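What follows is a single structure, written as structure tokens, with notes after it.
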Amino acid sequence: MSGLRRFSLAPLPHTGLFGVFLGVHAVGDALHVLHTGVGCKGKTQRQLVDHDLGREAHPQVGWTELAEEDLIRDVAARLREAVPDLQRRRRAAALFVTASAAVELTSTDLAAETARLQAEVGVPVVWLPGVATAPDLYAGYGAVVRALVERVDWHRPPADREATTHPLVSLVGYLFHRYEHEQTANLAEMSRLVEGLGARLGPTFLAGESFDTLQRAQSARLVVRLPYAGVDADDLGVLTSRPVCAAGLPLGLRATGAWLRGVGAALGVASGRVEALVSAREERAAPRLSFARRCLGGQRLAILADTPLAAGWVLLAQELGLDIPLVALLDRSLGGEASLRAQVAAAGGALSPGTRVVESPTLLELRDLAGAPGAAAAFDLVVRPDLSLADTAWADLPTLETGFPATHKHFVFPLPELGYNGAVALAQRLLDAVGGRY
């Protein structure tokens, strides 16, 4: 049976194709074209529609609706018809084309077809191969990020007059999964961190910005690689011809301090200035976190998240005095336990010997990790996305819903998760979860 485990349903069953859908949704004026047959399109879209109440997802996706006979006669014919028609109706700034695994197995040269279509429609038409068989949504999202970075003319010299006194920093690999106000707040926090170092936040891959805005990243003096970039730091340096600083998520005090130190060093900011900034920001947040620690200390927290997000939560939980019996990593492409430990260590932390790490559990395995319904609870609270955990012990635990998908938690107020203000805001949300009052 162990050989069949890879065919088991995952807690996050979204494929690379959905990751492309998510990534294109994070570009303000792009369009995702799926070269595939007629299928359950509405079911696929609903997974983002229910998650993102800030912006309708349907206008940024289209299908060629390939018929079975097209696979025999001419696999590319429907693509040649659909792309110009979709572009006439949608007026996208760029189109990203993917295909089902069955279409790609025909070995049709879709790269050549998309190149011809680009000449016809007059806007970039980007072919993304292999995403139908990618291990998870993060791989598909990363493919969109990389393709967008490759479209920037990095060989043009920066034309920004303020580049010397206030250099521009571009983030590559931010996971922008909806147009709600926790995302607005997170990006404001990232901008605040960069400005504290005397720089300015430029285009972010991805943050809901337009395709044209992303092209202006060529003015950046420094590129900061975040964990969802889909490309490692060395390759990103080759692509951009810019210095690249690899950084984790600034979630919690230690992670945010490490982020500032790393980016500050890459910008050439004096270490004394960075330390003064870190000390001042921590001094402001520490009393509020100390208050939360008095209420949360000793509680048993289970963390169910993708690897980079889990690393941030481990660090913040330790700062709040929480015990962490379990970390379940929901992704398949972001490095697993080794990466989790490395990201925690990079911020000066370490996993407790009592923390169990489970990589990529199946849905059935995850449902069992909380114990039997009605039995003594293994945890006091949990941080997780909205997963298929009804009728399990997970459903009875105080829950902070975060990440993707989050169909029960939505934001009309800009409440951050990242940076120093994000640490305080998440402490408040944990207190609300434990207290059961909102």
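The values are calculated or read from the model by the stated rules, or taken from the named source; none is laboratory data. Just so it is clear, the model here is predicted, and its values are computed rather than measured. As a convention, Cβ positions derive from the backbone with ideal geometry for all residues, glycine included, and neighbour counts pool all protein chains shown.
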#### Entry: Filter pass, ASP235 being under 14 Å from GLU150 (Cα atoms), free of Cβ contacts under 8 Å to residues at least 12 places away in the same chain and either in contact with a Pro (Cβ under 9 Å, 6 or more places away or on another chain) or not in a strand (DSSP E or B) (or both)
yes
### Close pairs from segment 245-264: first farther than 20 Å from ALA427 by Cα, partner of a type in the set (Ser, Thr, Tyr) and outside any loop (DSSP other than H, G, I, E, B), Cβ under 8 Å, at least 6 apart
ARG261/SER271; GLY264/SER271
### Query
Is it true that ASP70 is more than 19 Å from THR133 (Cα to Cα), of a type in the set (D, E, K, R), outside the structural domain of ALA328 (by TED's automatic domain parsing) and buried (at least 20 other Cβ atoms within 10 Å of the Cβ)?
no
### Task
Report, by residue number, each residue of segment 288-314 that is hydroxyl-bearing (Ser, Thr, Tyr) and closer than 28 Å to ASP331 by Cβ.
THR307
### Query
Which of the residues belonging to segment 256-285 are part of a helix (DSSP H, G or I) and over 24 Å from LEU187 (Cβ atoms)?
SER271, GLY272, GLU275, ALA276, SER279, GLU283
### Summary
Subset of segment 319-338, residues surrounded by 19 or more Cβ atoms within 10 Å (Cβ to Cβ) and part of a helix (DSSP H, G or I), comes to GLU319
### Task
Quick one: which residue in PRO325, PRO250, PRO308 is of a type outside the set (Val, Ile, Thr), assigned by TED's automatic domain parsing to the domain that holds VAL194 and closer than 30 Å to THR362 by Cα?
PRO250
### Query
If you take the residues of segment 393-411 that are in contact with a helix residue (DSSP H, G or I) (Cβ under 6 Å, 6 or more places away or on another chain) and in contact (Cβ under 8 Å) with a residue 60 or more places away in the chain, which of them is nearest to GLY54 (Cα to Cα)?
PHE411
### Message
Taking the criterion of being buried (at least 16 other Cβ atoms within 10 Å of the Cβ), under 20 Å from the mean Cα position of the chain (by Cα) and β-branched (Val, Ile, Thr), would at least one residue in segment 270-292 satisfy it?
### Response
no
### Message
Among the residues of segment 17-33, what is the count of those that are aromatic (Phe, Trp, Tyr) and in contact with a strand residue (DSSP E or B) (Cβ under 8 Å, 6 or more places away or on another chain)?
### Response
1
### Residues of segment 412-438 that turn out to be among the aromatic types (Phe, Trp, Tyr) and farther than 22 Å from LEU175 by Cβ, as a count
1
### Message
It is to be established whether one or more residues within segment 37-55 are under 22 Å from ALA112 (Cα atoms) and assigned to a helix (DSSP H, G or I).
### Response
no
### Query
Of these, VAL358, VAL382, which one is within 21 Å of the chain's Cα centre (by Cα), without any contact (Cβ under 8 Å) to a residue 60 or more places away in the chain and under 13 Å from ALA302 (Cα atoms)?
VAL358
### Query
Looking only at residues in segment 111-157 that are basic (Lys, Arg) and within 21 Å of the chain's Cα centre (by Cα), which one is farthest from VAL223 (Cα to Cα)?
ARG151
### Task
List the number of the failed condition for GLY62; all other conditions in (1) in a helix (DSSP H, G or I); (2) in contact with a strand residue (DSSP E or B) (Cβ under 8 Å, 6 or more places away or on another chain); (3) of a type outside the set (Lys, Arg) hold.
(1)
